Each structure stands twice: as C-alpha cells, then as structure tokens.
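Trainee: Got a structure for you, questions after.
The values are calculated or read from the model by the stated rules, or taken from the named source; none is laboratory data. Note that the coordinates shown come from a computational prediction; the quantities given were computed from them, not determined experimentally. In this analysis, Cβ positions are derived from the backbone assuming ideal geometry, glycine residues included, and neighbour counts consider all displayed protein chains. Side chains included, ligands, DNA and RNA excluded: accessible areas come from the protein's heavy atoms. Shrake-Rupley method; radii C 1.70, N 1.55, O 1.52, S 1.80 Å.
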Amino acid sequence: MTTIRLKELRKSFGNFDVIKGVNLEINPCEFMVFVGPSGCGKSTLLRLISGLEDITSGTLSFDDKVVNSLTPSQRGIAMVFQSYALYPHMTVYDNMAFGLKLAKGGADEIRKRVNEAAEMLQITEYLDRLPKQLSGGQRQRVAIGRAIVRDPKVFLFDEPLSNLDAALRVATRLEIAKLHAKMHETTMIYVTHDQVEAMTLADRICVLRDGNVEQVGTPLELYEKPQSTFVAGFIGSPKMNFLTGKFAEAYKADTLGVRPEHLQIVEKAGRWQGKLLLSENLGSESYLYIDIGAQEPLVVRQDGTARHQPGEALHVSPINDNVHRFDKAGKPA
Amino acid sequence: MPALVKQTAFYALVAIIVLFSVFPFYYAIITSFKTGNSLFTISYLPTSFSLANYVSVIEAGSFTRNLLNSVIVSSLVVMLSLLIAITASFALARVRFRGRSLLLLTILSVSMFPQIAVLAGLFEVIRLLGLYNTLWGLIFSYTIFTLPFTVWVLTTFMRDLPVEIEEAAIVDGATPWVIITKVFLPLMWPAMVTTGLLAFIAAWNEFLFALTFTSSTETRTVPVIIALLTGNSAHEVPWGAIMAASVIVTVPLVVLVLIFQRKIISGLTAGGVKG
C-alpha cells in the first residue's frame, strides 16, 4: 500500500542528463509500466527508485517519506533483473533465503516463507539445485521468488522477460499478471521496451522519451487518446500509419494518424486508393501494404487471410472515420 | 607427409621443453640418493639408493625448525596478502572514486622496483618497527612485494564479475563486507587459488630478504639455510645434503600445485546471469 511520488527527479552522468525532471505519482498497489525506446531513461528511472543509482536532484518519496538517501533494503524494495542475477554458488533455496538471513529472520520463518514462495512459483522441486542446473525460465522464476520472499512494499522489474524465448515470454508474462493479482498490497513498477507487455500487464503506463514523461495513462487511454505522435506510434502493433501533406490537409491536420486495424478495404469510392505492394498472412489476420502515394506504404489489418494479389488496385477507408489528428508540434489537434 | 612432419616436430619440441625444465630437478633427486665419491661421477641414470643425505639433513642442526619457519612465513604471507588484496580489489574494481586508475598504476609500478633497490630502506623500516630477526619482518616485507601482483590480478578478475549480482545483493540488504565475503569470495576461488599459490611460491623461494632481515639460525628460512649448509671442513661442499634439502623443499610446492590444480575450475560463475 505504498504511494510513490517523484518530484522534479533528475539524474545526470557527468554533463549528460538522462532524467530531465520527472514528476509522477504512482498509486498504492498499482502496476505501473515504464515503456519507451532504448535510451529513453526508463531503466535509469527504475534504478533511481530502487536506490541503486543516486538521485542528482529532486525528491523521491514513499508514502510522503523522502527516501532519497536510503539504501534499497531500507526502502523496502525488491527487484527482478533482466539477467536474473542469481548467486551462482548458492542453491535455489539459499538464493531465496539470502536476503532474509541478512535481515536476521528466524530460521523457521525463513523456511516457511521460502517454501511458500517456491510453491507459488512451482519451483519447490528445484530448491536444492544450483542456478546453472536450471533453464532460463526457471532461473527467472527463482529471481522472482527471491524478490517475493522479502515481502517488499515496492516490487521492481527491469525487463524481466527480455532474455526468454517467445513462448516462455508469454507464459512468464501470465505468471507476473497472476502474481500482481495475488500480491494486491504491493506496488509494482515494470520496465519494458515491449509495448505488448506494457498493454497486457499495466494498470497504468508511463511512456518515456529522452528522459521526460511523454504521457501517463491506462493502456486504453494511451491507445485511444494518445497525446502525441510519439505515443501514438509507440502504442499499438503494427504501428499507426502517419500521413502528412494533402492526406492530412483533407482532415484539417498537419499529421494524420490511422491505426492499421481501423482501416478497411472497400469495393469502390474509398478515401484513398493505391496498389497493393505486399501482403503478410499470419493466418488469423493479415497485413496489406498499400502504396497510396504517401511517403510510406499504408498498412491495413484484415481479419483472416488476405485474398488480394500484389499489384492489385485497392480502395481503402478508415472505419467510422476513426482517425487521430495532430498539429505541427505532434500534439492532438 | 607434411602432417606427419609437423606432428613429429611438435612432439620433438614438447620433449625438448619437458627435458629442459625437468632435468635439473631430476638430477637433484638422483644426486640426493648418492653418497661418498659417487657424488662426483656424472651419471644420468640412478646408480645407487641411499637415504643417508636426508637423514643427515633432518637430524643435523635446525633444518626442521627452518622448514617450519618457511611454512609459517609463506602461509601467513598468502593469507595476509589475499585478505588485503581482495578488499583492495573490491574498491578498485567496484567503487567509483577519483584517481582510481592512477592508484592502480602506482600499485603496479611498485612491483617494478628490484628488491635490491629497496633493501637498505626496508632494512631501516624493519629495524625501526623492531621486526629485525623475527619472522614478522619477513612476513611484512614479503607481503609488500606480493601485494601489487595479487591486487592487480584480483582487480581484473573482480571487474569481470557481473554487476547485477552485486546489485542483487545490495537490494537484499548486503553491506560491502557481506558482498565481498558471501557473494564474491566464493566466485573468486579460481583467481584466489592461482594468485595465492604464486604468492606462496614467491615467499617460499625468497632469498635476499631472508638473508638480510634475519641473523640467527632459528629465524632463518629454508633457502638461506640451504645456501649456508657447510661440510666438515671449509673446503668441502656437502652436495648430497644440499640436494636432499632442495628436494625436501621442492616437494611441498609440487604437492600444492597438484592439489589446487583440480580446484582451478573455470566457469564458476556459470548460471548466475544469462547464458
């Protein structure tokens, strides 16, 4: 039940400003996801909150208590690292119990908590093994278990799924979602560059760009009402189509954004027409790349398999005129 | 055909290198088993077998005491320099502070001074500290000379340990001392064993300081005692006894290397982080 407040938080490495004055409030028990392209400062922001990195200026408070100068363990955080960061020479049990032993917990209490966490993550049978005897997914679960046993006030994840293969990533994502449901008294912050992870896990998403907060909101808010072309382009897959020039002028905007799933092929008299360059069939859906004379081909998403051949002339229209208008500065018009 | 030539040349070279490095020790061993006049006849195969030299070395004078001295001095030097080096290397590898690389270079440059250059100065220091003619004087001076190497090697090794493991320990509430002893130390065994062994060998074989900083037979270490072994008259060099003593002194080193060779396992950090 911890509220985290970031006030004008800054971080510089030498002359280089990485975090440029971030103001953000993370609600109690919320699952907040920091998302953005590489180099946007999302990992640094997480490390500032964790206490692994010193804050250059600004204040960070947990429940109205300034924690700028507290160590990670004093802040009551737990963290899951991208590379698992397990202690190679310790068994799974010792890995999970290490923090508790340092905190001078009773032996029975430690055993109870480790066993509970192990059961929750289904790693009980591996408790006697060393990390090198485990697969990547199992290692990441041990890392999560190590964080759980400390019963943290704030749970931090630093791109925990990036080292896993695609199938395992989906499975572990579900585990984390379940974990959030179970640990409903814990505030969680999750860093990722994968917008699918962000959309599926988050209560709220914070999109970062060049050390600044670009937009904060629920996944659907970001999807439906992006406050800039940057957010509009970042959230959603495949990416939103951006049209400029005469295409945008028709809608009285400088930049026009249309999501591939909001476009449809029509028989005739579509808003735009062009030649089909290429189609990608995924079975359940397909993506059509149509050259309508704009800078980039227009991407259209269709249910099922595409039945059009490359070179075919097609008419395209936005469904229900579902478009996003942006002004010169990239803000909604 | 060329493959055969290559292979033959390769093994010939191996044989030469082995012969070259093993022969002196081999010759010392067979000589140590000879007595009387046969010591002065050259033969490359064992001709006689007698333990008389060993008996006389061990029984005569203070050899066992000197052997014990060597063991004490070398072991303490290893422990002391590893303890100091591991804490120093943690600071040099992991703590960001001004002048860090300068300090590292200074440490390295200390090891470049020849022993003889610092001998007089060090002698004064040892006298001043009241360590003259004690084992502590030797331990002190040997530690000074082994530290640069151990610090340098352990620093390089510690730099390669994943930062995330340290950060995970910090999040778990570990202090720097706990990180060093509970997390890094177990991962650094291969490096510790290697540097410790080299420090041991250096201390074990050291001659100049041992000769200068000790004066009584009871505080001498083995290398000095062997050099000072005398026969019944001034003109007699007791080759047999010297060879027997040399073999006794060399065997512990060989045993140590053989024991720890098994412990020098690479890939001890495997599994902790990705990969």
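Trainee: Give me, ordered by chain and number, the residues 5 or more places off A:PHE34 or on other chains with an amide H under 5 Å from its own placed amide H.
Mentor: A:TYR190, A:VAL191, A:THR192, A:CYS206
Trainee: According to the Kirkwood expression over distinct Cα-Cα pairs, how big is the hydrodynamic radius of region B:117-186, in Å?
Mentor: Kirkwood hydrodynamic radius for region B:117-186: 14.9 Å.
Trainee: Let me ask something else. If you average 1/r over every pair of different alpha-carbon atoms in region A:59-175 and take one over that average, what Kirkwood value in Å do you get?
Mentor: Numbers: mean 1/r = 0.0671 Å⁻¹.
By the Kirkwood definition, the hydrodynamic radius is 14.9 Å.
Trainee: Which of the GluC sites (Glu not before Pro) found in region B:181-236 are loop residues per DSSP with 15 or fewer other Cβ atoms within 10 Å of their Cβ? Before the final figure, lay out the partial values.
Mentor: Working: sites: B:GLU206, B:GLU218, B:GLU236; in loops: B:GLU206, B:GLU236.
Counting only loop positions with at most 15 other Cβ atoms within 10 Å, the GluC sites (Glu not before Pro) in region B:181-236 are B:GLU236.
Trainee: Using θ = phi - 60° and the Karplus form 6.51 cos²θ - 1.76 cosθ + 1.60, what ³J(HN,Hα) does each residue of region A:113-127 get, whole Hz, x for Gly and Pro?
Mentor: 5, 5, 4, 4, 5, 5, 5, 4, 9, 6, 10, 4, 6, 9, 4
Trainee: Using a Förster distance of 30 angstrom, determine the FRET efficiency expected from the C-beta separation of A:THR200 and A:ASP94, and round it to 0.05.
Mentor: 0.35
Trainee: Say a paramagnetic label sat at a point 7 Å from the Cα of B:GLU236, along Cα to Cβ; which residues of region B:44-62 have their backbone N under 17 Å from it?
Mentor: Under 17 Å, as judged by backbone N against the label point of B:GLU236, lie B:52-61 of region B:44-62.
Trainee: Here is a follow-up. What are the semi-axes of the equivalent ellipsoid for chain A, taken as the square roots of 5 times the Cα gyration tensor eigenvalues, largest first, in whole Å?
Mentor: Three semi-axes, in Å: 44, 25, 15.
Trainee: Next question, about the same structure. Would you check the accessible area of B:MET243, probe 1.4 Å, heavy atoms only, in square angstrom rounded to 10?
Mentor: Estimated to the nearest 10 Å², B:MET243 gives 40 Å².
Trainee: Return the distance in nm (one decimal) between the two label points of a simple spin-label model at A:LYS20 and B:LEU83, each offset 7 Å from Cα along Cα→Cβ.
Mentor: So the label points at A:LYS20 and B:LEU83 sit 5.3 nm apart.
Trainee: Also, quick follow-up: Multiply the residue separation of A:GLU267 and A:GLU116 by 0.36 nm, subtract the distance between their alpha-carbon atoms, and state the gained length in nm to one decimal.
Mentor: 48.3 nm
Trainee: Tell me the accessible surface of A:VAL22 in square angstrom (1.4 angstrom probe, heavy atoms of protein chains only), to the nearest ten.
Mentor: 0
Trainee: Plugging the Kirkwood radius over Cα pairs into Stokes-Einstein for region B:1-50, at a temperature of 4 °C and a viscosity of 1.567 mPa s, what D comes out in µm²/s?
Mentor: Diffusion coefficient, whole number: 100 µm²/s.
Trainee: Moving on. Setting aside same-chain residues fewer than 8 positions from A:LYS132, which lysines have a Cα under 24 Å from its Cα?
Mentor: In chain and number order, the partners are A:LYS101, B:LYS182, B:LYS263, B:LYS274.
Trainee: Moving on. Which helices pass in chain B if a helix is a full DSSP H run, must span at least 24 angstrom along its long axis by Cα, and must have mean Kyte-Doolittle hydropathy not below -1.0? Please report the intermediate quantities before stating the final value.
Mentor: Details: long enough: B:2-32 (44 Å, 1.58); B:63-94 (45 Å, 1.57); B:135-159 (34 Å, 1.27); B:239-261 (32 Å, 2.27).
Qualifying helices: B:2-32, B:63-94, B:135-159, B:239-261.
Trainee: Return the Cα extents of region A:96-136 along principal axes one, two and three, sorted largest first, each rounded to a whole Å.
Mentor: Reported extents, whole Å, longest axis first: 30, 19, 14.
Trainee: Still on this model: How large are Rg and Dmax for the protein assembly as shown when calculated on the C-alpha trace, in angstrom?
Mentor: Here Rg and the maximum Cα pair distance are 35.7, 122 Å.
Trainee: Tell me, Kirkwood radius of region B:1-92 from alpha-carbon pair distances, in Å? Show your work: numbers first, answer last.
Mentor: Working: mean 1/r = 0.0553 Å⁻¹.
Computed over region B:1-92, the radius equals 18.1 Å.
Trainee: For region A:222-333, compute the number of Lys pairs whose alpha carbons are separated by less than 27 Å, excluding pairs fewer than 8 positions apart on the same chain.
Mentor: For region A:222-333, the number of qualifying lysine pairs is 18.
Trainee: So for chain A: antiparallel DSSP bridges make up what percent, rounded to the nearest 5?
Mentor: Of all bridge pairs located within chain A, approximately 70 percent are antiparallel.
Trainee: Work out the charge dipole of chain B with +1 on the Cβ of Lys and Arg and -1 on the Cβ of Asp and Glu about the Cα centre, then indicate which of B:LEU51, B:THR214, B:PHE25 is farthest towards its positive end.
Mentor: B:PHE25
Trainee: Sticking with this structure for a sec: Which of the GluC sites (Glu not before Pro) found in region A:87-187 are loop residues per DSSP with 12 or fewer other Cβ atoms within 10 Å of their Cβ?
Mentor: Passing both the DSSP loop test and the Cβ count: A:GLU185.
Trainee: Report the paramagnetic label zone for B:LEU185: residues of region B:84-116 whose backbone N is under 17 Å from a point 7 Å from Cα along the Cα-to-Cβ axis.
Mentor: Flagged as within label range: B:84-91.
Trainee: Follow-up. Could you grab the relative contact order for region A:240-326? Cα pairs under 8 Å, six or more apart, rounded to a whole percent.
Mentor: Computed value for region A:240-326: 37 percent relative contact order.
Trainee: Another question, if that's okay. Hey, got a sec? Which GluC sites (Glu not before Pro) in region A:224-333 land in a DSSP loop and have at most 16 other Cβ atoms within 10 Å? Don't jump to the answer; show the numbers that get you there.
Mentor: Values: sites: A:GLU224, A:GLU249, A:GLU261, A:GLU267, A:GLU280, A:GLU285, A:GLU312; in loops: A:GLU267, A:GLU312.
Those satisfying the criteria are A:GLU267, A:GLU312.
Trainee: Suppose we look only past 25 Å in the calculated P(r) of region A:227-333. What percent of the Cα-Cα pairs does that tail hold?
Mentor: Distances greater than 25 Å cover 16 percent of the Cα pairs.
Trainee: Over all residues in B:157-169, what is the mean tally of Cβ atoms on other chains that come within 10 Å of each residue's Cβ?
Mentor: Values: counts 0, 0, 0, 0, 1, 5, 4, 10, 7, 2, 9, 17, 5.
Rounded to a whole number, the mean comes out at 5.
Trainee: At 7 Å along the Cα-to-beta-carbon direction for both B:ILE29 and A:MET183, put a label point, then send me their distance in nm to one decimal.
Mentor: Result: 6.1 nm between the two label points.
Trainee: Same structure, new question: Take every Cα-Cα distance within chain B, group them into 10 Å bins from 0 onward, and report for each bin the whole-number percent of pairs it holds.
Mentor: In whole percents, the pair-distance histogram is 6, 21, 25, 23, 16, 7, 2, 0.
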